[in-house]
């Protein structure tokens, strides 16, 4: 996984430059990484964006210790799994990587809220729709076993009336979100954050 090192070094520098002690970690792949006004939108939750481009859930788990070193979050949001499926991994493999990452977080930070943002549909990966749905549904099932694990369904919100990914929400590459798509995400995530007492009362 040496190809991630430039991105990981960037994260290290951003951690050093942060002017406050972060409480909310956004972690995962480029769908978070490319959200250029994320910190401003969620500033009341003292966020840090530790997402790195091209990452998989496997990579998020592999580099977890390095990326979270020195941090004491009150909440972690995760968006990853999209690239795992795109690389041909089986959905059950992806769920296993998520379970591993969740265990790592629980071992270090106890029972803090952890939120999984569902894997999005996208026009370029619509051929993987079955695998995406299967992965999402299996991760959603884990919520029943962990009272502080949350699942946010952004899948349905980015479909059009015909049940396919709405191209209005995506960039020209047909994979990443544009500003309209991020507005959909913001509405869902901000509503969720406001419902978490540990953040509201901080």
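The values are calculated or read from the model by the stated rules, or taken from the named source; none is laboratory data. Quick caveat: nothing in here was measured; it's all calculated off a predicted structure. Cβ: placed from backbone, ideal geometry, glycine included. Neighbour counts: every protein chain shown.
Inside the stretch 58-67, can you point out the residues that are over 13 Å from residue 7 (Cβ atoms) and in contact with a helix residue (DSSP H, G or I) (Cβ under 7 Å, 6 or more places away or on another chain)?
Answer for the stretch 58-67, where residues must be over 13 Å from residue 7 (Cβ atoms) and in contact with a helix residue (DSSP H, G or I) (Cβ under 7 Å, 6 or more places away or on another chain): 58, 61, 64.
Might you check whether a residue that is within 16 Å of the chain's Cα centre (by Cα) and in a helix (DSSP H, G or I) occurs anywhere in the stretch 16-25?
no
Could you count how many residues in the stretch 1-32 are free of Cβ contacts under 8 Å to residues at least 24 places away in the same chain and within 23 Å of residue 121 (Cβ to Cβ)?
Total meeting the criteria: 0.
Name the single residue, out of those in the stretch 106-137 being in contact with a helix residue (DSSP H, G or I) (Cβ under 8 Å, 6 or more places away or on another chain) and in a helix (DSSP H, G or I), that is surrounded by the most Cβ atoms within 10 Å (Cβ to Cβ).
Filtering first and then ranking leaves 135.
For (1) under 19 Å from residue 154 (Cβ atoms); (2) free of Cβ contacts under 8 Å to residues at least 60 places away in the same chain; (3) over 13 Å from the mean Cα position of the chain (by Cα), each residue gets a yes or a no:
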residue	(1), (2), (3)
42	yes, no, yes
45	yes, no, yes
55	yes, yes, no
63	no, no, yes
67	no, yes, yes
70	no, yes, yes
78	yes, yes, no
83	yes, yes, no
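Select from the stretch 33-57 the residues that are touching a helix residue (DSSP H, G or I) at 6+ places or on another chain (Cβ under 9 Å), in a helix (DSSP H, G or I) and either at pLDDT below 95 or surrounded by fewer than 20 Cβ atoms within 10 Å (Cβ to Cβ) (or both) and list them in ascending order.
Within the stretch 33-57, 41, 44 meet the criteria.
Can you tell me how many residues within the stretch 162-202 are in a loop (DSSP other than H, G, I, E, B) and under 25 Å from residue 138 (Cα atoms)?
So the count comes out to 8.
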